[in-house]
1. Working carefully through the options S205, S120, find the one that is at negative phi, free of Cβ contacts under 8 Å to residues at least 24 places away in the same chain and hydroxyl-bearing (S, T, Y).
2. Answer yes if at least one residue in region 92-111 is among the aromatic types (F, W, Y) and modelled with pLDDT under 90, and no otherwise.
3. Taking the condition of being outside any strand (DSSP E or B) and either more than 20 Å from the chain's Cα centre (by Cα) or without any contact (Cβ under 8 Å) to a residue 24 or more places away in the chain (or both), how many residues in region 177-199 meet it?
4. Identify, please: which residue in region 200-217 is under 21 Å from R165 (Cβ atoms) and not aliphatic (A, V, I, L, M) and is, among those, nearest to the chain's Cα centre (by Cα)?
5. Out of I169, I225, I243, I need the residue that is more than 26 Å from F135 (Cβ to Cβ) and of a type in the set (V, I, T). Which one?
6. Filter region 114-134 for residues that are in contact with a Phe, Trp or Tyr (Cβ under 6 Å, 6 or more places away or on another chain) and under 20 Å from I233 (Cα atoms); which is surrounded by the fewest Cβ atoms within 10 Å (Cβ to Cβ)?
7. Any idea how many residues of region 99-126 are under 10 Å from the mean Cα position of the chain (by Cα) and part of a loop (DSSP other than H, G, I, E, B)?
Amino acid sequence: MAKSDRSVLGRWVARRELLRWRDRASQAEWCHLSRLRGQWAQARTLRDELDHLIYVADSRLALPAIGSSAFHVPFDADWGWRPQLWRAPLPKSGLASVHSGEVLGDEVGVFHDCDASEISLRQVRNFRESDLAPFALRMDVFAFSGTFLSIAIDLPQAAIDGLRRRHLIRLDTAVQMEKPVDLFARLNIKHGPNTEQIVLQLPLSEDEVMVEFDLAYTNINEKRIEKAWVDLIFKDPAMNELILRDVTLCRRPRAEL
């Protein structure tokens with residue numbers, strides 16, 4: 001009840017303040033100049049604060065909502081997912097001088113074959129009008145003596161529950177680069193002692209790209225699937241800024257012939 005009373009009081013005070021400035025504006029044409037000068041100074045100060053509030057509010061309200069899992073999913077998909085890094089703020093938002101095998105959050109790991117790492121990773125807020133993901137992953141790569149940089153994303157249990165060879169696994173990603181590099185996506189499915197892999201090159205003619213992994217061409221043992229993950233592999237990423245604006249995955253049955 002007390003909270004409701006404060007809310008009502010706050011609205012009443014705001015309404016009275018609005019009416020006060022409305023009266024001042026209506027009297028500005030004929031009120032005394034000394035009084036007008038004081039009101040002018042107050043109005044300028046108030047306008048600066050209001051402009052700042054409007055600017056910050058516009059930028060924040062235009063951003064994708066934190067926690068959003070909204071993305072384009074085919075109508076026949078039986079599973080869809082956006083990893084946590086692109087969905088919610090991480091407790092540790094960045095890594096510097098990244099060694100191979102380090103992790104960012106619970107689902108994303110970094111692998112490379114560079115001896116002296118000059119790689120930094122940071123979770124950043126998305127801001128473009130076209131962005132659906134609240135967050136992005138920015139990678140700054142300087143000197144790089146290796147041949148590849150891989151972002152490994154562990155798929156959740158829901159992705160492999162009921163997984164069959166008749167399924168297609170679709171990967172959608174939005175990528176920005178300072179200069180173009182070859183980018184590959186590799187789906188890994190561990191079944192028993194074996195790991196099946198499918199590698200596809202991502203076309204980078206546009207920021208947003210999609211590929212589909214067709215499990216019909218694999219030899220997975222459907223009864224022994226234990227784990228699945230996707231590697232995004234950048235070849236020769238030296239002296240580059242790479243931003244993964246979004247990563248989403250979904251699963252759907254392939255059309256029966």
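The values are calculated or read from the model by the stated rules, or taken from the named source; none is laboratory data. Quick caveat, the model's predicted, so the values are computed rather than measured. All Cβ positions, even for glycine, are placed from backbone atoms using ideal geometry, and neighbour counts span all protein chains on display.
1. Of S205, S120, the one residue that is at negative phi, free of Cβ contacts under 8 Å to residues at least 24 places away in the same chain and hydroxyl-bearing (S, T, Y) is S205.
2. Of all residues in region 92-111, those among the aromatic types (F, W, Y) come to 111.
Right, trim to modelled with pLDDT under 90 and you get none.
The answer is no; no qualifying residue exists.
3. Residues that pass the stated criteria total 6.
4. Within region 200-217, the match that is nearest to the chain's Cα centre (by Cα) is E212.
5. Testing whether each residue is more than 26 Å from F135 (Cβ to Cβ) and of a type in the set (V, I, T) leaves just I225.
6. The residue in question is E118.
7. Final tally of qualifying residues: 1.
Condition check ((1) closer than 26 Å to A133 by Cβ; (2) touching a strand residue (DSSP E or B) at 6+ places or on another chain (Cβ under 6 Å); (3) modelled with pLDDT under 90) across all residues:
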residue	(1), (2), (3)
Q176	yes, yes, no
A185	yes, yes, no
G192	no, no, no
T195	no, yes, no
E208	yes, yes, yes
D236	no, no, yes
